[in-house]
Structures are given as C-alpha cells and as structure tokens.
Amino acid sequence: MGTFHQAQGELHGITVVVDTFGARVFVGRCDTVTPEGVVLLDGDVHEETPGGPTKDEWVRKAARVGVWKSFDREVVPAGEVSSIRRLGDVGPG
C-alpha cells in the first residue's frame, strides 16, 4: 500500500502552525502548500492584541489542549506566511 496523496506534499494531513508576518497565527490540518499560499482545514486563528495572549502563548496552549475549530477551510496567502511548522514540534511552555 502506498500513500494516496503523495502530490499534496509532506505536511498533507498534519496539524501545523502557520505564523504570519503580522499579528495572526493559524493552527489547522495542512491540505496543500502552493505558490499561492497554505490551505488549512478544520482550524483556528489567533490575532495578537495588546493585553491578550501573544502568538507564542496561544500556540503553546493549542499544543497542550488543542484548538476550537473556527474555520473549515482557510487559505493563508504565501506573502503573509513567515513560517510553517508541525504543531507536534511545539514544546511545552
């Protein structure tokens, strides 16, 4: 048996953190990474605001307890993406 979605990329089906150059950070199941952007499924987004949790604090909490699904499908434009990493690689904190 082989993988049925080989063309989707190595992160296909993995829960990832997509950080942006701005105040937003996303956590969701990676569908595809294309030149246009990152397609996430069944995820949540956090926007850092004064007095609220930082992006890093929110991601660490998401790694501990999960996220509340706020979208079915979201495309994060490639020009906004500063990094993509597996949520499982986020250390406790």
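Count, please, the residues in segment 69-93 that happen to be closer than 17 Å to T20 by Cα and of a type in the set (S, T, Y).
2
Go through (1) surrounded by fewer than 17 Cβ atoms within 10 Å (Cβ to Cβ); (2) modelled with pLDDT of 95 or more; (3) in contact with a strand residue (DSSP E or B) (Cβ under 9 Å, 6 or more places away or on another chain); (4) not hydroxyl-bearing (S, T, Y) and name the single condition D19 misses.
So the condition that D19 fails would be (1).
Which of the residues spanning segment 31-59 are modelled with pLDDT of 95 or more, of a type outside the set (D, E, K, R) and under 14 Å from V18 (Cβ atoms)?
Result: G37, V38, V39, L40, L41, G43, V45, H46, W58, V59.
For a quick check of your reading of the model, give me the residue pairs whose first member lies in segment 73-93 and is aliphatic (A, V, I, L, M), whose second is assigned to a helix (DSSP H, G or I) and surrounded by 11 or more Cβ atoms within 10 Å (Cβ to Cβ), with beta-carbon atoms closer than 7 Å and at least 6 apart or on different chains.
As it stands, the answer is L87/A62; L87/A63; V90/V59; V90/R60; V90/A63, since those pairs meet every condition given.
Taking segment 51-92, which residues are assigned to a loop (DSSP other than H, G, I, E, B), exposed (fewer than 11 other Cβ atoms within 10 Å of the Cβ) and in contact with an Asp or Glu (Cβ under 8 Å, 6 or more places away or on another chain)?
Matches in segment 51-92: W68 only.
The values are calculated or read from the model by the stated rules, or taken from the named source; none is laboratory data. The structure displayed is predicted, hence computed values, not measured ones. So basically every Cβ, Gly included, is an ideal-geometry build from the backbone, and we count neighbours across all protein chains shown.
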